[in-house]
Number of protein chains: 2
Amino acid sequence: MRDTFHDELDRIGSVLVEMTKLVSCAMSRATTALLEADLTLAEEVISSDAEIDRLYRETEDRAFELLARQQPVAVDLRLIVTGLRMVADLERMGDLALHVAKIARMRYPVSAVPPELHDVIRDMGEIAQRVVDKAGAVIEGNDVELATELEQDDDRMDELHRRLFTILLSGWDHGIESAIDITLLGRFYERFADHAVSVARRVIYLVTGEMPEPASSR
Amino acid sequence: MRDTFHDELDRIGSVLVEMTKLVSCAMSRATTALLEADLTLAEEVISSDAEIDRLYRETEDRAFELLARQQPVAVDLRLIVTGLRMVADLERMGDLALHVAKIARMRYPVSAVPPELHDVIRDMGEIAQRVVDKAGAVIEGNDVELATELEQDDDRMDELHRRLFTILLSGWDHGIESAIDITLLGRFYERFADHAVSVARRVIYLVTGEMPEPASSR
């Protein structure tokens, strides 16, 4: 039988997984809102960020309380401190989905993404969803293999990000405002994937005790 | 007399302050490199980021060791966990200075900033330096007043960020590549200030036990 302490630890893990689902859903819907100029969907993403923020604060409070009350050591301690950082990554990913939705809303009734970039942005949206889903699965199963796949998805995201710039720099005729939108969108998707990789790396660190090279300097 | 544990806590605080100085210097030099198209300075900022990353890892290790070995409670525990998050903010600020320097290097021998934007970017650079210097002073002195000032600096940064876009959207004639650079630069300075505010907020939380509203959703 588990004790209360470990039940509470499990509860933190469950909330983290739940947050990956909310964040995945938010980014997926934000991408659709963006490509299809769907104002209602954009608004939904924007208002649903409050729930992600709520879970973030709740998990923070719970982790601090556990630390203070139980004075955990070794593995348990590392679990909690790492959980605190993963929840911060996930909260940030929610913000990035929110930013995408805000650009969709700002340009409504027009799509912020010109036709020749639809494919690239759609692919970026799909990878974003895939990386956070995998990050969730990594948390659930401590699956080190999946974490490696995630790094490859991230490389693919970087490739798409470069392609975005190539298209922007090849006779762009949609004006400066649109170029600004696309530049920011590219950054949001790329950072989203970076944070998902960071979540997975932290799980690997918990499992193996070794931290892979940081996804920093991005 | 202080015990070893508290000496080690102090040492973490000192490294955090040292990191604010390195990050401040990096952003200040990156801004000069950018405005004056100074390749040597840009290269210096880029190579000096390794030192910030080193201090980040060292502080992380030290904090984890302290947590594991000493099982601190209450205030001490909160100090260490908060320190872990502040050091992550500072590491990220170093990355953002690095990004600015990389844009300076990429456009050399030309400045990435057209003349009509020099003033705005110079002001953003100055505020960036000011906010991180203040964050350092807040860490050193737990000065809640200064933390409030910092929020005002951050508002000013947001104002400048908006002005950047206004100029970009008022008959920009420097082409798309330059518009991309400016969009990214604006984002880098703005995020830099956000992280400095976040560092200061964490100190307030330590001192008062109350967390101000998060600087999230940016």
- Work out the length of the dipole vector of the stretch A:1-114 about its Cα centre, built from +1 on the beta-carbon of each Lys and Arg and -1 on the beta-carbon of each Asp and Glu, and round it to the nearest 20 debye. 300 debye
- Item | Residue exposure sequence - B:TYR108, B:TYR189 - by fewest surrounding Cβ within 10 Å | B:TYR108, B:TYR189
- Task: Rounded to the nearest 500, what is the 222 nm mean residue ellipticity of chain B from helices alone, with -39500 (n - 2.57) per DSSP H run of 4+ residues and division by all residues?
- Result: -30000 deg cm²/dmol
- Item | Length added when fully stretched, A:ASP158-A:LEU39, from 0.36 nm per residue minus Cα-Cα | 40.0 nm
- Query: Looking at this model, which pairs from B:LYS102/B:LYS134; A:LYS102/B:LYS134; A:LYS21/B:LYS21 are more than 29 angstrom apart at the alpha-carbon?
  - Reply: A:LYS102/B:LYS134; A:LYS21/B:LYS21
- Message: Need one value for B:65-74: mean number of C-beta atoms belonging to other chains within 10 Å of its residues' C-beta atoms.
- Response: 3
- Provide the packing ranking of A:18-28, A:87-97, B:70-80, i.e. peptides ordered by the mean count of other C-beta atoms within 10 Å per residue, highest first. A:87-97, A:18-28, B:70-80
- Packing-based order for A:169-175, B:162-168, using average beta carbon neighbours within 10 Å, highest first: B:162-168, A:169-175
- So how far apart, in nm, are the two label points at B:ALA74 and B:LYS21 if each is 7 Å from Cα heading toward Cβ? 3.3 nm
- Message: Using a 7 Å offset from Cα along the direction of the beta-carbon, what are the separations from B:PHE165 to the same position in each other copy, nm, ascending?
- Response: 2.2
- Query: Mean Kyte-Doolittle of at least -0.5 and a Cα length of 18 Å or more along the axis: which whole DSSP H helices of chain B meet both?
  - Reply: B:4-36, B:39-70, B:74-107, B:118-141, B:175-208
- Message: Suppose a student asked you for the relative contact order of chain B, using Cα pairs under 8 Å spaced at least 6 residues apart; what percent would you report?
- Response: 27 percent
- Note on the structure: Per the 1/(1 + (r/R0)^6) rule, R0 = 60 Å and r from the Cβ atoms of A:ASP119 and B:ASP61, FRET efficiency to 0.05 is 0.85
- At q = 0.09, 0.13, 0.16, 0.18 Å⁻¹, base-10 log of I(q)/I(0) for the stretch A:1-146 (Debye sum, equal scatterers on each alpha carbon): -0.34, -0.62, -0.83, -0.97
- Hey, got the average number of other protein chain Cβ atoms within 10 angstrom for residues in A:179-189? 4
- Item | From the C-alpha gyration tensor of the stretch B:66-143, square roots of 5λ in Å | 37, 16, 6
- Message: Taking R0 as 56 Å, what FRET efficiency do you get between B:THR166 and B:HIS6 from their Cβ-Cβ distance, rounded to the nearest 0.05?
- Response: 0.65
- Alpha-carbon radius of gyration plus Dmax, which is the widest Cα pair, for the protein assembly as shown in Å: 21.5, 70
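We did not get these values from a lab; they are worked out from the coordinates using the rules stated. Bear in mind that the values here come from a model prediction, so they are computed numbers and not experimental data. Every residue, glycine as well, gets a Cβ built from its backbone with ideal geometry; the counts of neighbours run over all protein chains shown.
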